[in-house]
Structure formats: C-alpha cells, structure tokens
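Let me begin by presenting the structure, written as structure tokens, before commenting on it.
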Amino acid sequence: MQLSSLQKARYEYKPKLPKMLTGGISSISVCEGKDTASVADCDKIKALFPNTYGKKEIVFSQGENTSEARKQIVGVILSGGQAPGGHNVICGLYDALKSTNPENELYGFKGGPSGLLEDSYVIFDDEYINAYRNTGGFDIIGSGRTKLETNEQFAVVAEVCKKHGITAIVIIGGDDSNTNAAVLAEYFAANNTGVQVIGCPKTIDGDLKNEDIECSFGFDTATKTYSEIIGNIERDANSAKKYWHFVKVMGRSASHVALECALKTQPNICLISEEVAEKKMSLSQIADYIADSVATRSANGENFGVAVIPEGVVEFVPEFSVLIAEINELLAGKKADEFNALASWAEKYAFIEKGLTRASMDVFAILPQGIQQQLFLERDPHGNVQVSLIESEKLFSALVADKLAARKKEGTYKGKFAPLHHFLGYEGRCAFPSNFDADYCYSLGYNAFMLIQYGYNGYLSKISNLSKPATEWVAGGMPITKMMNIERRHGEDKPVIKKALVELDGKPFKFFEARRDEWAVKTSYVYPGAIQYYGPAEVCDITTVTLALEQE
C-alpha cells in the first residue's frame, strides 16, 4: 500500500502524556479520593448498581506502583460512530499493557459489541498496532451499534472472556456505550467473573461532557475540520459576493459542534438548538431572524453570507415536534397502508390535511413540498419519521426565500438571494486526529490500562486539566455510575448517562451571544485553515475555543 508523506510522518509522532504517566509503569501510584454519588436519582441508581455504585474517585501520581503483578489479557471494542483518535486509545492501551509485562495480550473484538458476542477478534502485535498510530478512523477493528444490555448477552460475553482468560474489557464509546459498560461491569461484579470493565469517552458531538469529562475525544479534530471548510466557504462567499451558504453540521441532540464552529469562523448566522427550544421559537421566527440578516447585509451591498445550522435543530422547534408526533400517530398501524395506497400527492395531501390539527397543518403548509414528502416517505423500523434525515439547511433557505419574496412585494427588500447548501458530517469523523486528540486519546488508553492494573471496575478513564499543555494534564478515573440518572426510554425507566446540552448561561454561548449581532451584519469572517501537525505549540496544540473559554 502506498502511503502519503503525512501518513508516514504521523506514524512516527510520539503522543504526549500527562507527567504522572511518563516515568514508567513501576513509578505510577494511585491516590483515592472521596466516595461518589450519581448526579440524580441516587437511590434508584444505587439499587441497580449495588456492587459498583459509590466507589471513590482516583488520581494517579508519581510514586511506587503498589498494584498486584499478574498477567493481563485485555479485550477492547470500538462502539458507535467513528471519532478521530480512536486508534490512539487502542495504541496507548497496548503500549501500557506491553510495557508492564511483554506477555500481556490485547484482543481487539471486531465490529463493535457484536464482536464480543460472536467471539470475532484479532490479537494485536507490534506490526499490527504500528500501522494505525495517530491515524483517523475505526478501521483497526471496525465499530458497531449493537447494545450490550441483556443478561443473556452478558452471559455470552462472560463465556467469551472465560474462554480466552480475559481479565478486563475496555469499551470506547459515547453515552449509550458507557452506560452499557456500567451495566456490564455490574453484571461481572455480581457474578464474580473477575473481569473488569473500563470506559473511554468518545463522541464528536461533544455531548458526553460533565464536571469530570471536560471534552470527549474526536470533538477537537472534527470541529477543526469543519471549521476549515466553513472558513473556506466564507472566503469564497466574500470573493464571489453573490451566494448565501447554508451549512448543516453534525449534532442531532446538542449544538456543541455548531457553536464551536461559529466561535472559530464567525459566520453571519449560527442557530443554537437549545436556544430555539428555550425561547420556543417557531419556524417562521427562525426564518425571519435569518431573513433580517440577509436584508440588512443586502442593503449594505453585500448579497452574500454564511449560516451554520445544527443537524437536529428542527427537533427543538416546539411546533415541529408536535407536528412529528401527529404524523407518527396519523400513520400508526393500518393507516400507513391506507396512506401509501393513494396514487397522487394531491390525494395524500388531502389525507394529511384531514388528519392533522389546524395548528400542525399550518406548520406543515409552510414547508417546501420536498420536505413535506420526506416526512412521509422516510420511516424508521418503528414506523416513525426519521427527523435526522430532514435537510434542515434546505428547509431554512426555502423558508427564508419565502420571507424575502413577501418583503419584496411589500417593497421592504430589494436585494438578491441565491442560496447554496452543504452538509458537513462524515468529512470530520475520520480525519487525521489533531495533536490534541492524538495526545488525549493515547493518554486515555494508557490510563485505562492503569485502572485495570490497579483492579478498578466500572470506571471511566479520565484525563482532565485539558486546556493546559499535555504535561500538566491529570490522569485518573471515576465510577461511571457518578454520571448516571434515570430517564424514560421506550416506556421504561432506564439508567443512562445524562447528555450534556449547550448551556445558555455558559461562557462559550455567552461569548457567542455578545458578538453574533455584529457578525450578522458585518463580514467578520475568520479563516482557521487546515489542522497543523508540525510547528509551534500555539499553532499545533491549541484546544477548542469552547474548552479554552470553559477553563478560563
């Protein structure tokens, strides 16, 4: 296989570790802190996790290693969507494991959690690992979205572990995957299997975050990748001076990606889903907000602009959520067959008009026909609307076009509006990890093995103080149960890790809020350029704007 020059150079990059992990395995000691409690629903969480709840927070430091010397056979899986740096978590885990004892082994289970259930694996060696150091993607063993959540599944996993003599499993994933890790850890403890479970926080969406997890891995690289593209689009807009670019970015459940990209590039418009929900904004109000920017800029002779749209924003619009619920009810059971049997869109439209409330029909009527049809053609396996497939960037540009057309008739707008559309998603999920993510992920993996070596179970690998240089980072761990609360899922109370939404009183949003009115009118674009891997630290090792503001 022919390699690019950058690939070759990245293989040779030596990730930086927190100082307490740099003196060799024999000189890493552990300091236990206070007992923990879950963020909410303490009694319920404790009842569900009697063997793993309330354990102590821990921090590693330089000192004598007091862990028991024993051979470790560790399994690792990648779970959920790809995020830059996943390979380095595995590399850090492998290096720590081998430096402790060359006879230690690392099993990579293929295709995510299903690899554990199907006993599909590879045993890593130096040659295999070295081909993936500091690279993007999850192709080292692949990933998957199978959930480990039933006792039957846990029993199968326990048998697979017993067969290979596995002493610990490391699960690299997001909030759902780490919730599954906590439940699996509890099962292993309750059944005296002797197998430990350690989680690592991954998601480019940035919604796996709390007082202990300052940043999930992949967020840094993905937002830098998207921001480079948005900056390039801004420069093109400012050069051509005739297009409005509507850019949708990843982030269905939270707007961290959109906010970070806006902080980096200063577009004219950036919607924040959490604010839309807080203010109960309607589609019409959002369209007017964008149209105001278009009209003002046009009056200043600037018939161009850039708007950043979070992937899941429509789900945060109250009236749209009601519409979706009514559509799901309208097509429940045999009604879907009746609807699909209608020959023309006109007949289907009449069916819809008859079945929706007046308020929801008013919302439906303002949607472009393509979006209207999409709501009824794209269904998930449960028969519900797949909101994530809605092209919200096209939806809002169409609504803005209608607003501007109405203003032209009124004589209040005389400009031109030529929209273009972009969706930035997969471009960022497997990019070459930034130095920050390469270092952070390697540290997470190395640290995960230290948690295993010291006998911890149901813990999350934790690296903090991330806004500082890597040598000042702090390595440790905390019980996953500390992050959990009870939520209603599919009609049942479930223990889950709470998703972190954009905090409207937080420093990153407040910084954005104080400047966005000026950005909406003036051309204030910032062009971040490509991720830099070599050069001065202030260029190559910078963190996200979000993290820098939060840690001020």
>> Restricting to the range 388-424, and then to whatever is surrounded by fewer than 17 Cβ atoms within 10 Å (Cβ to Cβ) and of a type in the set (S, T, N, Q), can you tell me which residue is modelled with the highest pLDDT?
In response: T412
> Would it be correct to say that T296 is outside any loop (DSSP other than H, G, I, E, B), of a type in the set (S, T, N, Q) and closer than 29 Å to Q386 by Cβ?
Replying inline: no
> Among the residues of the range 486-506, how many are more than 20 Å from the chain's Cα centre (by Cα) and within 30 Å of T265 (Cα to Cα)?
Replying inline: 1
>> Here is a check on your reading of the model: is W473 of a type outside the set (D, E) and either assigned by TED's automatic domain parsing to the domain that holds I28 or more than 30 Å from N300 (Cβ to Cβ) (or both)?
In response: yes
> Quick one: how many residues across the range 428-456 are buried (at least 24 other Cβ atoms within 10 Å of the Cβ), in a loop (DSSP other than H, G, I, E, B) and more than 17 Å from the chain's Cα centre (by Cα)?
Replying inline: 1
> Hey, among E211, E228, which residue is outside any strand (DSSP E or B), at pLDDT below 95, surrounded by fewer than 23 Cβ atoms within 10 Å (Cβ to Cβ) and among the acidic types (D, E)?
Replying inline: E211
> Is it the case that the range 291-300 has a residue that's more than 30 Å from Y426 (Cβ to Cβ), free of Cβ contacts under 8 Å to residues at least 40 places away in the same chain and surrounded by 15 or more Cβ atoms within 10 Å (Cβ to Cβ)?
Replying inline: no
>> Any residue that is buried (at least 20 other Cβ atoms within 10 Å of the Cβ), part of a loop (DSSP other than H, G, I, E, B), within 30 Å of the chain's Cα centre (by Cα) and in the same structural domain as E186 (by TED's automatic domain parsing) - is there at least one of those in the range 35-43?
In response: yes
> Yes or no: S443 under 28 Å from V308 (Cα atoms), touching a residue at least 40 places away in the same chain (Cβ under 8 Å) and among the small types (G, A, S)?
Replying inline: no
> Do you know which of the residues in the range 138-186 that are in a loop (DSSP other than H, G, I, E, B) and charged (D, E, K, R) is farthest from L117 (Cα to Cα)?
Replying inline: D139
> Looking at the range 472-485, which of the residues that are aliphatic (A, V, I, L, M) and more than 21 Å from the chain's Cα centre (by Cα) is nearest to D176 (Cα to Cα)?
Replying inline: A475
>> Restricting to the range 83-128, count the residues that are more than 19 Å from N447 (Cβ to Cβ) and buried (at least 22 other Cβ atoms within 10 Å of the Cβ).
In response: 6
>> Checking the structure you have, find out if any residue of the range 489-503 is farther than 23 Å from Q551 by Cα, free of Cβ contacts under 8 Å to residues at least 40 places away in the same chain, assigned to a loop (DSSP other than H, G, I, E, B) and not aliphatic (A, V, I, L, M).
In response: yes
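Let's see how each residue does on (1) in the same structural domain as G455 (by TED's automatic domain parsing); (2) without any contact (Cβ under 8 Å) to a residue 40 or more places away in the chain:
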position	(1), (2)
N191	yes, yes
V197	yes, no
C200	yes, no
I204	yes, no
D207	yes, no
N210	yes, no
K224	no, no
E228	no, no
> Would you pick out the residues in the range 84-104 that are in contact (Cβ under 8 Å) with a residue 40 or more places away in the chain, in a helix (DSSP H, G or I) and not β-branched (V, I, T)?
Replying inline: G86, H87, N88, C91, G92, L93, Y94, D95, A96, L97, S99
> Just wondering, is there one or more residues in the range 531-549 that are within 23 Å of the chain's Cα centre (by Cα) and among the charged types (D, E, K, R)?
Replying inline: yes
> Within the range 304-313, is there a residue that is surrounded by fewer than 16 Cβ atoms within 10 Å (Cβ to Cβ), under 24 Å from Q372 (Cβ atoms) and either in contact (Cβ under 8 Å) with a residue 24 or more places away in the chain or not assigned by TED's automatic domain parsing to the domain that holds S397 (or both)?
Replying inline: no
>> With the requirement that a residue be buried (at least 21 other Cβ atoms within 10 Å of the Cβ) and at negative phi, what does the range 133-153 give you?
In response: R133, T135, G136, F138, I140, I141, S143, L148
> In the range 412-424, is there at least one residue being touching a Cys at 6+ places or on another chain (Cβ under 9 Å) and either outside any loop (DSSP other than H, G, I, E, B) or not assigned by TED's automatic domain parsing to the domain that holds N65 (or both)?
Replying inline: yes
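The values are calculated or read from the model by the stated rules, or taken from the named source; none is laboratory data. All values derive from a computational prediction rather than experimental measurement. Glycine also receives a Cβ, built like all others from the backbone with ideal geometry; neighbour counts cover every protein chain displayed.
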